[in-house]
Amino acid sequence: MNPPTTHCPALFITAPGSNHGKTTITAALARYHVGQGRKVRVFKSGPDFLDPMILERACGQPVYQLDLWMTGESECRRLLYEAALEADLILIEGVMGLFDGNPCSADIAEIFSVPVLAVIDASATAQTLGAIAYGLANYRATLTFAGVLANNIASPHHNEMIRQGMPSDLRYFGGIPRDSRFAFPDRHLGLVAFTLAEQEETPPRLLSGLRIGIARDRAFSFIYAANLELLRAMGATLIFFSPLADSALPDVDSIYLPGGYPELHLSSLQNNVSLKAALQAHFQQAKPIYAECGGFLYLLESITDKAGNRGDMAGLLPGHAVMENKLKGLGCQSAPMPGGVLRSHTFHYSRIETPLVPVAFGQCQHSNATGEAIYQLNRLTASYLHCYFASNPVAAARLFFAVKEKSQASNFKK
């Protein structure tokens with residue numbers, strides 16, 4: 001029996017590097033086609049939280065990550081297949097440059113046969129942009145290259161110079177004027193067939209009946225949509241709360257504090273004494289808490305921002321966080337969590353001072369360097385690492401599981 005196949009127009013938006021306008025163009029394309037009455041699904045390659053927020057608002061649908069290392073090829077294929085079943089158009093925004101990293105954006109485009117549109121910032125070049133485009137199109141012959149879009153065009157004459165330098169065998173979609181509103185023209189989108197070789201097994205319902213409280217507001221918003229999907233698939237009921245605005249925790253068994261920008265809300269977090277007391281009570285009852293990056297910082301005694309302003313935080317963990325101007329952590333790591341290894345990434349500008357001794361350290365993807373520290377105190381697990389739960393559902397469930405009944409505990413032994 002042949003596996004089921006579905007077809008959906010798709011386009012991979014990439015660039016020679018960061019800051020060429022990939023997100024702006026992807027969002028504009030999504031918004032345009034939504035405005036035409038089409039259902040658009042957008043994906044972001046690589047571990048990123050900010051771009052998906054913009055893209056989600058543009059398309060009106062959840063935005064999931066596609067990452068061959070962190071999520072795996074089969075999970076990427078499943079996500080694309082399910083999107084193709086319901087969407088009129090799929091857009092994928094690349095990360096950094098087309099060939100940066102291992103695996104890179106080009107690997108995703110090639111594996112899933114998605115045509116590539118290169119967005120190139122033209123603000124400091126003219127005819128030479130054609131040479132850059134030629135290199136992107138021909139560096140890997142197995143890629144399907146849809147064409148080139150120039151960004152930040154200064155004038156019609158500037159656009160004409162770029163057109164003159166464009167190789168005749170490359171399709172030039174034109175230029176986006178600098179500081180001007182624009183209407184993106186219709187274009188050919190490659191018709192890609194997503195074949196599901198084998199349906200993925202349903203995740204084990206290890207969290208059946210469990211209520212997980214998840215912080216979600218302006219201070220805590222860095223969370224993978226796929227993580228929420230998996231928790232629900234494993235049987236958990238998700239209840240969202242705001243450390244900025246709520247005076248009490250919802251009635252929950254476990255708490256998930258994702259990353260975000262707590263350093264931008266020091267006063268509000270400090271002054272919400274009742275919510276901090278509720279977190280303390282939850283912790284003292286030995287109920288599970290899992291905290292990532294910004295959520296981790298919130299559980300320390302204090303955070304000091306770049307201007308030297310200090311805010312008292314929840315104080316569940318001894319130590320203090322200090323924001324700095326220099327990037328202190330970046331890259332993908334394997335995270336040996338209490339229940340098993342989860343794939344993850346780190347990105348932060350802060351350092352911490354704590355007497356706590358780590359229970360483990362992350363393993364960097366491309367080196368033997370020591371990764372981020374992982375801390376555990378009672379049933380609280382915290383780290384700078386943002387974990388992708390689908391990389392190990394059992395390990396993810398362990399972060400939230402509180403033994404209530406023997407029948408629940410036995411699920412992990414099967």
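The values are calculated or read from the model by the stated rules, or taken from the named source; none is laboratory data. None of the values given here were measured: they were computed from a predicted structure. All Cβ positions, glycine included, derive from the backbone under ideal geometry; neighbour counts span all protein chains shown.
As a summary of the residue check, residue 140 satisfies the conditions (1) charged (D, E, K, R); (2) over 30 Å from residue 7 (Cβ atoms); (3) assigned to a loop (DSSP other than H, G, I, E, B) except for the one numbered (2). Residue 54: of a type in the set (A, V, I, L, M), modelled with pLDDT of 90 or more and under 24 Å from residue 260 (Cα atoms), yes or no? Judged against the criteria, residue 54 is not a match.
Do we have residue 292 as in contact (Cβ under 8 Å) with a residue 12 or more places away in the chain, within 17 Å of residue 220 (Cβ to Cβ) and not aromatic (Phe, Trp, Tyr) here? In short, yes.
In the stretch 97-121, how many residues are of a type outside the set (Ser, Thr, Tyr) and within 23 Å of residue 61 (Cα to Cα)? Let's see the steps before the verdict.
First, pick out the residues of the stretch 97-121 that are of a type outside the set (Ser, Thr, Tyr): 97-104, 106-112, 114-121.
Still in the list and also within 23 Å of residue 61 (Cα to Cα): 108-109, 112, 114-117.
Within the stretch 97-121, residues that are of a type outside the set (Ser, Thr, Tyr) and within 23 Å of residue 61 (Cα to Cα) number 7.
Determine if the stretch 222-242 includes at least one residue that is more than 28 Å from residue 78 (Cβ to Cβ) and over 17 Å from the mean Cα position of the chain (by Cα). Yes - at least one qualifying residue is present in the stretch 222-242. If you check 307, 321 for being free of Cβ contacts under 8 Å to residues at least 60 places away in the same chain and in a loop (DSSP other than H, G, I, E, B), only one passes: 307. Being over 21 Å from the mean Cα position of the chain (by Cα), among the basic types (Lys, Arg) and surrounded by fewer than 23 Cβ atoms within 10 Å (Cβ to Cβ) is a condition met by no residue of the stretch 68-81.
Show me the strands (runs of 3 or more DSSP E) entirely contained within the stretch 217-284 in which 3 or more residues are assigned by TED's automatic domain parsing to the domain that holds residue 351, under 18 Å from residue 303 (Cβ atoms) and touching a residue at least 40 places away in the same chain (Cβ under 8 Å). Even if it seems obvious, please write down each step before you answer.
Working: elements: 220-222, 237-241, 254-257.
By residue number, 220-222.
Counting the residues of the stretch 186-211 that are in contact with a helix residue (DSSP H, G or I) (Cβ under 6 Å, 6 or more places away or on another chain) and modelled with pLDDT of 90 or more gives 2.
Inspect the stretch 315-333 for any residue being small (Gly, Ala, Ser), within 30 Å of residue 96 (Cβ to Cβ), at pLDDT 95 or above and surrounded by 16 or more Cβ atoms within 10 Å (Cβ to Cβ) and give the result as yes or no. For the stretch 315-333, residues small (Gly, Ala, Ser), within 30 Å of residue 96 (Cβ to Cβ), at pLDDT 95 or above and surrounded by 16 or more Cβ atoms within 10 Å (Cβ to Cβ): present. Each residue in the stretch 31-49 was checked for being over 24 Å from residue 70 (Cβ atoms) and of a type in the set (Lys, Arg), and 3 of them qualify.
Residue 54 fulfils the conditions (1) among the β-branched types (Val, Ile, Thr); (2) buried (at least 21 other Cβ atoms within 10 Å of the Cβ); (3) under 21 Å from residue 222 (Cβ atoms) except for a single criterion, (2).
With respect to residue 91, is the statement that it is touching a strand residue (DSSP E or B) at 6+ places or on another chain (Cβ under 8 Å) and farther than 19 Å from residue 27 by Cα true? Spell out how you get there, then give the answer.
On the way: touching a strand residue (DSSP E or B) at 6+ places or on another chain (Cβ under 8 Å): yes; farther than 19 Å from residue 27 by Cα: no.
So residue 91 does not fit the description; no.
Take the conditions (1) out of contact with any Lys or Arg (no Cβ under 6 Å at 6 or more places or on another chain); (2) crowded, with 22+ Cβ neighbours inside 10 Å; (3) not in a loop (DSSP other than H, G, I, E, B); residue 119 misses just one of them, which is (1).
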